[in-house]
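Asker: Sharing a structure below in structure tokens format, with a few things to ask.
The values are calculated or read from the model by the stated rules, or taken from the named source; none is laboratory data. Everything numeric in this text was worked out from a predicted model, so none of it was measured. Heads up, the Cβs are rebuilt from the backbone with ideal geometry, glycines too, and the neighbour counts pull from every protein chain shown.
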Amino acid sequence: MPSVEQLVTALGWCIVICPIVLLCVLGLTSLIGRRLPEEVINGFLKTAMIVGLTSSILMLALMLPMSNPHVTIEGGKWVHIPEYEFHFKLIYDRLSIPFIILSFVLCGTIFAFASRYMHREPGYNRFFVLNAVFLLGMTVTSLAGTVETLFAGWELVGLSSALLVAFFHERPSPVRNGLRVWCVYRVSDAALLIAALTLHHFGHTDFEKVLGSESWPYGTTQVSNHEAFVVGLLMLLAAAGKSALIPFSGWLPRAMEGPTPSSAVFYGALSVHLGAFLLLRISPILEKSPLLCGLIITLGLSTAVYATIAGRVQTDIKSAICFASLTQVALIVAEIGFGLRYIPLFHILGNGCLRTLQFVRAPTLLQDRRLLENAIGGRLPKSTSLWRSLLPHSLQIWLYRFAIERGYLDAMIDDYFVAPFVAVFRFCDRMERCWTDYLSGGKSRESDEVDNNPGSLEEFL
């Protein structure tokens with residue numbers, strides 16, 4: 001009979017192997033040009049979800065009786081040099097197990113829904129390959145025991161999310177919005193990467209050394225107050241980009257260009273909560289800096305107010321749901337800043353399930369509303385707002401313009417951040433072409449092929 005430790009280790013590896021096998025099967029068949037029938041794809045999806053979810057629940061059941069429910073699985077060292085070492089490590093604790101169960105439950109639900117929603121779609125296999133990449137990224141991110149392991153899963157989630165936003169690539173709008181999402185994710189990824197390098201510079205290689213050997217959330221960080229502020233601020237920037245907090249909130253409604261199933265599982269339920277998950281993982285670091293906690297609370301509450309105002313003027317149901325989800329994510333972030341741990345975790349689980357249900361139910365809900373209005377022979381009555389009677393008319397107009405423009409966040413980022421970078425790159429391009437023209441004694445071939453009028457800034461975004 002295998003011991004409990006051996007059984008837990010086997011279940012832990014099974015959780016990770018399931019999405020890997022799913023990705024290999026779907027991805028390799030796509031690479032060699034052999035499209036699998038929809039029934040076969042659905043069978044692989046169902047098997048992977050059942051095995052992964054069952055393993056997660058069994059592991060939770062085995063870990064509950066433990067006095068310290070904290071299991072680590074070493075996967076070997078990637079790089080080992082005198083100053084640094086990078087190794088693959090997984091952590092199963094009170095935070096990772098509920099989050100991985102949520103990932104399997106919601107991904108399984110969406111996969112079952114998408115198998116009918118995407119029926120006979122030309123990109124059927126490509127859709128589920130990208131979803132398999134996303135599931136693998138969520139699994140690695142949720143169970144990461146080192147910051148570099150977390151970064152690997154973080155990248156997989158970002159890549160699959162951006163590609164699914166641009167899923168209908170034959171139209172320019174999804175491609176442009178997918179590029180916007182990818183650019184925001186680059187900022188988030190850069191902050192996370194710098195935070196990882198900073199932790200290594202401070203001499204910390206994994207979460208156990210940073211957060212202590214005790215299970216989450218009782219660990220005590222080993223970093224100083226100054227180090228905690230620097231690392232926490234970088235992690236907060238990474239979380240803000242991934243969870244669409246101010247000033248990066250503009251990409252979230254743009255992500256609704258993708259298919260409804262991907263919108264449901266990514267931006268309504270799982271991907272948008274990764275920022276809050278990251279802050280929960282490093283919560284002992286946040287506790288070392290009251291100033292950082294104040295920044296987190298301010299950022300969370302301001303984003304919640306912004307999302308509430310912007311969500312009230314949306315004309316399509318997907319955008320309205322995404323702003324409602326953003327409001328709750330922002331409140332979760334504020335709860336983390338106040339020092340709460342289990343309440344934000346349960347908030348994530350509840351909000352993820354609710355938003356997935358709303359996204360899946362949205363098309364049917366619209367149809368039900370039309371049938372009801374046809375039955376009564378008119379429009380349904382609108383609910384009256386208390387704010388309409390309390391706020392002056394001029395302020396109402398200003399708030400409406402603010403909401404309809406989504407807080408002018410995209411315009412400010414374009415004018416004050418993106419435009420200077422584009423201007424610098426265009427200047428460098430002109431200088432390069434002038435230099436090549438000078439060396440060649442005339443118009444170089446490269447200069448002849450370059451479009452000197454590349455178009456407006458919107459074409460880049």
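Asker: Residue by residue through the range 303-332, note down the ones that are surrounded by 23 or more Cβ atoms within 10 Å (Cβ to Cβ), under 19 Å from the mean Cα position of the chain (by Cα) and either among the small types (Gly, Ala, Ser) or outside any helix (DSSP H, G or I) (or both).
Answerer: Ala307, Ser325, Ala330
Asker: Looking for whichever is crowded, with 21+ Cβ neighbours inside 10 Å, closer than 30 Å to Thr198 by Cα, within 13 Å of the chain's Cα centre (by Cα) and not charged (D, E, K, R) here; the options are Gly145, Gly137, Gly153. Which one fits?
Answerer: None of the other options fit; the residue is Gly137.
Asker: Among all residue pairs at least 6 apart or on different chains, which show Cβ distances below 8 Å where the first residue, located in the range 283-303, is in the same structural domain as Val210 (by TED's automatic domain parsing) and touching a residue at least 60 places away in the same chain (Cβ under 8 Å) and the second is hydroxyl-bearing (Ser, Thr, Tyr) and assigned to a helix (DSSP H, G or I)?
Answerer: Here the result reads none, with nothing in the range 283-303 linked to a residue that is hydroxyl-bearing (Ser, Thr, Tyr) and assigned to a helix (DSSP H, G or I).
Asker: Okay, next question. Testing Thr327 on (1) without any contact (Cβ under 8 Å) to a residue 12 or more places away in the chain; (2) under 30 Å from Ile101 (Cα atoms), one condition comes back false. Which one is that?
Answerer: Status for Thr327: all satisfied but (1).
Asker: Go through Leu279, Leu274, Leu299, Leu295 for me and flag whichever is surrounded by fewer than 23 Cβ atoms within 10 Å (Cβ to Cβ), assigned to a helix (DSSP H, G or I) and within 18 Å of the chain's Cα centre (by Cα).
Answerer: Leu299
Asker: Give, as residue ranges, the helices (runs of 4 or more DSSP H) completely inside the range 333-430 that count at least 1 residues that are in contact with a helix residue (DSSP H, G or I) (Cβ under 9 Å, 6 or more places away or on another chain) and either modelled with pLDDT of 80 or more or on the phi > 0 side of the Ramachandran plot (or both).
Answerer: 342-376, 393-404, 409-413
Asker: Do we find a residue being at pLDDT 85 or above, in the same structural domain as Arg126 (by TED's automatic domain parsing), more than 30 Å from Ala112 (Cβ to Cβ) and hydroxyl-bearing (Ser, Thr, Tyr) anywhere in the range 238-250?
Answerer: Looking for residues that are at pLDDT 85 or above, in the same structural domain as Arg126 (by TED's automatic domain parsing), more than 30 Å from Ala112 (Cβ to Cβ) and hydroxyl-bearing (Ser, Thr, Tyr), one finds at least one in the range 238-250, hence yes.
Asker: Of the residues Tyr408, Tyr438, which is of a type in the set (Phe, Trp, Tyr) and under 18 Å from Leu252 (Cα atoms)?
Answerer: Result: Tyr408 is the single residue among Tyr408, Tyr438 that is of a type in the set (Phe, Trp, Tyr) and under 18 Å from Leu252 (Cα atoms).
Asker: Out of all the residues in the range 125-162, which are among the β-branched types (Val, Ile, Thr) and assigned to a loop (DSSP other than H, G, I, E, B)?
Answerer: Across the range 125-162, the qualifying residue is only Thr146.
Asker: Identify, please: which residue in the range 26-48 is among the β-branched types (Val, Ile, Thr) and surrounded by fewer than 19 Cβ atoms within 10 Å (Cβ to Cβ) and is, among those, nearest to Phe88 (Cα to Cα)?
Answerer: The residue in question is Thr47.
Asker: Another question about this same structure. Among the residues of the range 1-46, what is the count of those that are out of contact with any helix residue (DSSP H, G or I) (no Cβ under 7 Å at 6 or more places or on another chain) and not in a helix (DSSP H, G or I)?
Answerer: Residues flagged as out of contact with any helix residue (DSSP H, G or I) (no Cβ under 7 Å at 6 or more places or on another chain) and not in a helix (DSSP H, G or I) within the range 1-46 amount to 7.
Asker: So Arg355 clears everything in (1) in contact (Cβ under 8 Å) with a residue 60 or more places away in the chain; (2) in contact with a Lys or Arg (Cβ under 9 Å, 6 or more places away or on another chain); (3) under 30 Å from Arg186 (Cα atoms); (4) not hydroxyl-bearing (Ser, Thr, Tyr) except one condition, right? Which one?
Answerer: Only one criterion is unmet by Arg355, namely (2).
Asker: Output yes when any residue across the range 118-125 is assigned by TED's automatic domain parsing to the domain that holds Phe266, crowded, with 24+ Cβ neighbours inside 10 Å, touching a helix residue (DSSP H, G or I) at 6+ places or on another chain (Cβ under 9 Å) and closer than 20 Å to Val21 by Cβ, and no when none is.
Answerer: no
Asker: Could you grab me the full set of residues in the range 165-185 that are of a type in the set (Val, Ile, Thr) and within 15 Å of Leu130 (Cα to Cα)?
Answerer: Within the range 165-185, Val165 is the sole residue that qualifies.
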